[in-house]
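Below is one structure; the comments refer to it alone.
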Amino acid sequence: MITWMQRHRKYLVITIWISTIAFIGAGFVGWGQYSYGDKAGAVAKVGDISITSGELQKSYSNLFNQYNQLFQGKFDEKQAQQFGLQRQALRQLVNQALVLNLAQSYGLMVTDEELWNVIKSQPVFAKEGTFDKTIYAEALKQNNLTIKEYEESMKKELLIQKTLYLLSSGSKAIEEKALGNALGISDKINYKILTPNMITLTPTEGELKALWGKHSKEFKTSPSFEISYVTQALITATPSAKEISDYYDMNRQMLKDTSGKILTLVEAQSIIIAALHDKATEKEALRLYIDFKKGALKAGVTPQKVTLSAETSAFDPELTKEIMGLNDQKPFLKPRKVGNDYIIVKLDKMDPSRTKTYEEAKTDVIALYMSEAKKSKLQELAQNSYKTFSGSGTDFLSRADSAKIAGLSAQEGSEFLNKLFASKQKQGFITLESGNVILYNVLEQKLLQDKTLADANAVLKLKGSLLDQGLIKTLESKYPVEIYVEGI
């Protein structure tokens, strides 16, 4: 995280911005095409600030990468839809824009000097501990960012941080004591877990058609793209000793082992040769791109044709996203690396998204019906049984005992305990993000003897969270939020 943020993090913990630096070294993930209306590329407008489709894509990509790390590389587009990542990405940008509107109203700004100091402090742009402009430009280029785009994003991020810092406040001893007492409470409970699998439903055709009628516009086909592409295979001509040496001298700071130690020329030779092969291949691919664009492909070079959509594409999500961004005015995509080769793509035809017929959407309609109906029935079951249920007992539980509740994951346990200790009800039920519902009855409560007072950071984190919630609600009433994008 950027240096300015490190310096002031202890004063306010709030996560409503997008960290631009997170995009360095991270891939971009696309989710398909949506109708962006006729707002000149804007997907939303908050007060005087427009949110572009490019910003939305970056926000989505950042979130996708975070979830993918949590799921150890097994997070996919289907899960992203279930988690509502598109809505989360847009919500982040709306919150960001709300704070930027506030900053503008007070005339706050980030100077070029402040921006430059932050950029120069980034280790990823350093050579032997010193900022290097060449590395800076190359790192951005490798991540499909221009210097202008990156610096504008950084300015926004810094301005948000500066604005929130001005709203922060310190902690007081009485607050630390009060929070310490709250965190020191423990409950002995009786509980029972209700899951959606307990509900059995068989929807009728009439119920499904009625639901489809209400949500028909949400069920759309993916746009399909008919493309032609040519491939430049890897060139493996042996580079000269001078070429290898020159490359090493220019890039030695980037040639490091896992411990961060710079490799010797001998140690790095295989890496350098592979890089020079790639460089030669890319150079030849650019010539092929020009020939393809001019309609002057050499004899024997025949474009391959394929029809793809977001769901059926054999290419990676980033390349698929770029292909789906082609149009009649810009039908060609410059060389993109696929494995060790490079491909050049030409859009031949695009079939736009359309609303599915009932029969086409039926599988999705059934899934939506089951999800909504089970949720409703589960709430009804919980309401009717929480006062009389027979469940399992626990020892005294504190907020730190999330892994000690049988039948719940640590994450579910943490969510349940946080909501339990926030509740004023002795008996009741709590609905979790997973869809499970927990019936509970507090049998006994006590204050832990070994509790410690909450430290200032814990108090500030809580106050920052409350400030976040209250601030956003206030700003939403002041700055109108218009959403142009459909399907999110």
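The values are calculated or read from the model by the stated rules, or taken from the named source; none is laboratory data. The model shown is predicted, which means the values in this text are computed figures rather than measured ones. Cβ sites come from the backbone with ideal geometry, for glycine too, and all protein chains shown count toward neighbours.
For segment 381-413, what are the residues that are under 32 Å from the mean Cα position of the chain (by Cα), outside any loop (DSSP other than H, G, I, E, B) and crowded, with 16+ Cβ neighbours inside 10 Å?
Here is the first cut: in segment 381-413, the ones under 32 Å from the mean Cα position of the chain (by Cα) are 398-413.
Going one step further and asking which of them are outside any loop (DSSP other than H, G, I, E, B), we end up with 402-404, 410-413.
Once the filter is applied, which keeps residues that are under 32 Å from the mean Cα position of the chain (by Cα), outside any loop (DSSP other than H, G, I, E, B) and crowded, with 16+ Cβ neighbours inside 10 Å, segment 381-413 yields S402, E412, G413.
Being in the same structural domain as K162 (by TED's automatic domain parsing), in contact (Cβ under 8 Å) with a residue 60 or more places away in the chain and either part of a helix (DSSP H, G or I) or crowded, with 17+ Cβ neighbours inside 10 Å (or both) is the requirement here; does N117 meet it? Lay out the reasoning, then the answer.
Working: in the same structural domain as K162 (by TED's automatic domain parsing): yes; in contact (Cβ under 8 Å) with a residue 60 or more places away in the chain: yes; either part of a helix (DSSP H, G or I) or crowded, with 17+ Cβ neighbours inside 10 Å (or both): yes.
Against the criterion (in the same structural domain as K162 (by TED's automatic domain parsing), in contact (Cβ under 8 Å) with a residue 60 or more places away in the chain and either part of a helix (DSSP H, G or I) or crowded, with 17+ Cβ neighbours inside 10 Å (or both)), N117 qualifies.
So, of the residues in segment 78-88 that are under 21 Å from T312 (Cβ atoms) and surrounded by 11 or more Cβ atoms within 10 Å (Cβ to Cβ), which turns out to be nearest to the chain's Cα centre (by Cα)?
Quick first cut of segment 78-88, residues under 21 Å from T312 (Cβ atoms) only: 78-82, 85-86.
Right, trim to surrounded by 11 or more Cβ atoms within 10 Å (Cβ to Cβ) and you get 79-81, 85-86.
Values: Q79: 12, A80: 9, Q81: 12, L85: 7, Q86: 9 Å.
In this case the residue turns out to be L85.
Sort out which residues of segment 363-416 are hydrophobic (A, V, I, L, M, F, W, C) and within 23 Å of K446 (Cβ to Cβ), and write them in order of number. Write out each step before concluding.
Let us first name the residues in segment 363-416 that are hydrophobic (A, V, I, L, M, F, W, C), namely 365-368, 370, 373, 378, 381-382, 389, 396-397, 400, 403, 405-406, 408, 410, 416.
F396, L397, A400, A403, I405, A406, L408, F416, listed by residue number.
Pick out, from segment 266-380, the strands (runs of 3 or more DSSP E) lying fully within it that include 2 or more residues that are over 23 Å from S61 (Cα atoms) and touching a residue at least 24 places away in the same chain (Cβ under 8 Å). Walk me through it before giving the result.
Working: elements: 304-308, 332-338, 341-351.
Counting at least 2 such residues, we get 304-308, 341-351.
Can you tell me which residue in segment 65-111 is farthest from T474 (Cα to Cα), limited to those that are among the charged types (D, E, K, R) and touching a residue at least 12 places away in the same chain (Cβ under 8 Å)?
Of all residues in segment 65-111, those among the charged types (D, E, K, R) come to 74, 76-78, 87, 91.
Next, only the ones that are touching a residue at least 12 places away in the same chain (Cβ under 8 Å) stay: 77, 87.
Details: E77: 34, R87: 21 Å.
The extreme case among them is E77.
I need the full set of residues from segment 414-440 which are buried (at least 18 other Cβ atoms within 10 Å of the Cβ) and closer than 16 Å to N190 by Cβ, in order please.
Of everything in segment 414-440, those that are buried (at least 18 other Cβ atoms within 10 Å of the Cβ) and closer than 16 Å to N190 by Cβ turn out to be F416, L417, L420, G428, F429, I430, V437, I438, L439, Y440.
If you go through segment 417-430 one residue at a time, how many are over 25 Å from the mean Cα position of the chain (by Cα) and assigned to a helix (DSSP H, G or I)? Write out each step before concluding.
Here is the first cut: in segment 417-430, the residues over 25 Å from the mean Cα position of the chain (by Cα) are 417, 419-430.
Within this subset, residues satisfying the condition of being assigned to a helix (DSSP H, G or I) are 417, 419-422.
Residues that pass the stated criteria total 5.
Please specify each residue of segment 295-312 satisfying the condition of being charged (D, E, K, R) and modelled with pLDDT of 95 or more. Lay out the reasoning, then the answer.
Here is the first cut: in segment 295-312, the residues charged (D, E, K, R) are 298, 305, 311.
Selection gives K305 alone.
Could you please let me know if Y369 is under 30 Å from E218 (Cβ atoms), out of contact with any strand residue (DSSP E or B) (no Cβ under 7 Å at 6 or more places or on another chain) and either of a type in the set (D, E) or surrounded by 17 or more Cβ atoms within 10 Å (Cβ to Cβ) (or both)? Explain how you work it out, then say what you get.
Values: under 30 Å from E218 (Cβ atoms): yes; out of contact with any strand residue (DSSP E or B) (no Cβ under 7 Å at 6 or more places or on another chain): yes; either of a type in the set (D, E) or surrounded by 17 or more Cβ atoms within 10 Å (Cβ to Cβ) (or both): yes.
Judged against the criteria, Y369 is a match.
Looking only at segment 228-265, which residues are among the aliphatic types (A, V, I, L, M) and not in a strand (DSSP E or B)? First the steps, then the outcome.
Step one: list which residues in segment 228-265 are among the aliphatic types (A, V, I, L, M), which gives 230, 233-235, 237, 241, 244, 250, 254-255, 262-263, 265.
Within segment 228-265, A233, L234, I235, A237, A241, I244, M250, M254, L255, L263, L265 meet the criteria.
List the number of the failed condition for K256; all other conditions in (1) surrounded by fewer than 15 Cβ atoms within 10 Å (Cβ to Cβ); (2) at pLDDT 90 or above hold.
All conditions are met except number (2).
Name the residues in segment 373-397 that are over 10 Å from V437 (Cβ atoms) and either outside the structural domain of Q427 (by TED's automatic domain parsing) or touching a helix residue (DSSP H, G or I) at 6+ places or on another chain (Cβ under 8 Å) (or both), would you?
K374, T394, D395, L397
Of all the residues that make up segment 40-77, how many are more than 11 Å from the chain's Cα centre (by Cα), at pLDDT 80 or above and assigned to a helix (DSSP H, G or I)?
Of the residues in segment 40-77, 4 are more than 11 Å from the chain's Cα centre (by Cα), at pLDDT 80 or above and assigned to a helix (DSSP H, G or I).
Looking at segment 290-312, is at least one residue crowded, with 18+ Cβ neighbours inside 10 Å, of a type in the set (S, T, N, Q) and not assigned by TED's automatic domain parsing to the domain that holds Q57?
No, because not a single residue in segment 290-312 is crowded, with 18+ Cβ neighbours inside 10 Å, of a type in the set (S, T, N, Q) and not assigned by TED's automatic domain parsing to the domain that holds Q57.
Which of the numbered conditions does Y229 fail, given that it passes all the others? Conditions: (1) under 25 Å from V437 (Cβ atoms); (2) modelled with pLDDT of 90 or more; (3) touching a Lys or Arg at 6+ places or on another chain (Cβ under 9 Å).
For Y229, the exception is condition (1).
When segment 259-279 is examined, which residues are found to be farther than 18 Å from G129 by Cβ and surrounded by fewer than 11 Cβ atoms within 10 Å (Cβ to Cβ)?
The answer is V266, S270.
Take segment 65-100 and flag every residue that is in contact with a helix residue (DSSP H, G or I) (Cβ under 7 Å, 6 or more places away or on another chain) and among the polar types (S, T, N, Q).
Within segment 65-100, Q86, Q88, Q92, N95, Q96 meet the criteria.
What are the residues in segment 431-484 that are at pLDDT 60 or above, over 19 Å from L100 (Cβ atoms) and within 24 Å of the chain's Cα centre (by Cα), if any?
Across segment 431-484, the qualifying residues are L432, E433, S434, G435.
I need the full set of residues from segment 201-225 which are within 30 Å of D348 (Cβ to Cβ) and surrounded by 14 or more Cβ atoms within 10 Å (Cβ to Cβ), in order please. Steps first, answer last, please.
Of segment 201-225, the ones within 30 Å of D348 (Cβ to Cβ) are 217-225.
If the condition is that a residue be within 30 Å of D348 (Cβ to Cβ) and surrounded by 14 or more Cβ atoms within 10 Å (Cβ to Cβ), then E218, F219, K220, T221, S222, P223, S224, F225 are the ones that fit.
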